[in-house]
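Below: one structure, written as structure tokens.
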Amino acid sequence: MIVDTDILIWYLRGSEAARRFLARVPLSERAVSALTVMELLQGCRDTRETRMLNAFVSENLGAVLHPDEAISRRAIRLLESHALRAGLRVVDALIAATTLEAGTTLATGNVRHYRAIGGLPLVGFRPGAAG
């Protein structure tokens with residue numbers, strides 16, 4: 001399962017719902033796109049936060065998946081199909097393409113960003129959800 005950036009932001013902000021959500025996914029099955037790591041790094045305010053983020057990624061995620069040519073080509077096709085009609089953005093297209101190329105599921109709190117992409121398995125997350 002690829003975990004979208006928003007879930008990890010909730011987790012890092014101390015959301016119990018996000019902690020429970022991730023806890024239900026075995027470590028070996030938790031992955032993120034390298035773009036998600038980049039987005040999280042972009043939000044770090046100092047080197048201490050950067051170190052903490054790097055430690056979090058290495059301890060709590062089973063894999064960081066890097067874009068390759070196949071992912072890039074698929075992301076371009078997704079943008080051609082969905083940028084104008086559904087407002088798909090570059091990073092979301094790359095994360096969706098990574099999920100499709102890996103043959104897995106995308107967990108996200110932003111289901112509406114991805115809903116238009118046919119064949120993309122989604123698991124929704126709600127930060128206020130119990131359980």
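The values are calculated or read from the model by the stated rules, or taken from the named source; none is laboratory data. The structure displayed is predicted, hence computed values, not measured ones. In this analysis, Cβ positions are derived from the backbone assuming ideal geometry, glycine residues included, and neighbour counts consider all displayed protein chains.
Quick one: which of ARG51, ARG45 is more than 14 Å from ASP4 (Cα to Cα), basic (Lys, Arg) and either touching a helix residue (DSSP H, G or I) at 6+ places or on another chain (Cβ under 8 Å) or outside any helix (DSSP H, G or I) (or both)?
Every option except ARG45 fails the conditions.
Looking only at the range 38-51, which residues are in contact (Cβ under 8 Å) with a residue 24 or more places away in the chain and surrounded by fewer than 20 Cβ atoms within 10 Å (Cβ to Cβ)?
GLU39, GLY43
Can you tell me which residue within the range 120-131, out of those that are at pLDDT 95 or above and assigned to a loop (DSSP other than H, G, I, E, B), is surrounded by the most Cβ atoms within 10 Å (Cβ to Cβ)?
Out of the qualifying residues, it is PHE125.
Given (1) modelled with pLDDT of 95 or more; (2) more than 19 Å from ILE95 (Cα to Cα); (3) charged (D, E, K, R), where does ARG74 come up short, assuming only one miss?
(2)
Tell me the residue from SER72, SER58, SER33, SER81 that is loosely packed, with under 12 Cβ neighbours inside 10 Å and either in contact with a helix residue (DSSP H, G or I) (Cβ under 7 Å, 6 or more places away or on another chain) or of a type outside the set (Phe, Trp, Tyr) (or both), please.
Testing whether each residue is loosely packed, with under 12 Cβ neighbours inside 10 Å and either in contact with a helix residue (DSSP H, G or I) (Cβ under 7 Å, 6 or more places away or on another chain) or of a type outside the set (Phe, Trp, Tyr) (or both) leaves just SER58.
In this structure, does HIS66 turn out to be surrounded by 13 or more Cβ atoms within 10 Å (Cβ to Cβ) and within 20 Å of THR108 (Cα to Cα)?
No: the conditions fail for HIS66.
Restricting attention to the range 74-115, which residues are among the small types (Gly, Ala, Ser), more than 28 Å from SER15 (Cα to Cα) and touching a Ser or Thr at 6+ places or on another chain (Cβ under 9 Å)?
ALA75
Looking at the range 92-104, can you tell me whether even one residue there is exposed (fewer than 15 other Cβ atoms within 10 Å of the Cβ) and within 14 Å of the chain's Cα centre (by Cα)?
No, that holds for no residue.
Any idea which of SER15, SER58, SER33 is of a type in the set (Gly, Ala, Ser) and within 19 Å of LEU122 (Cβ to Cβ)?
Answer to the selection: SER33.
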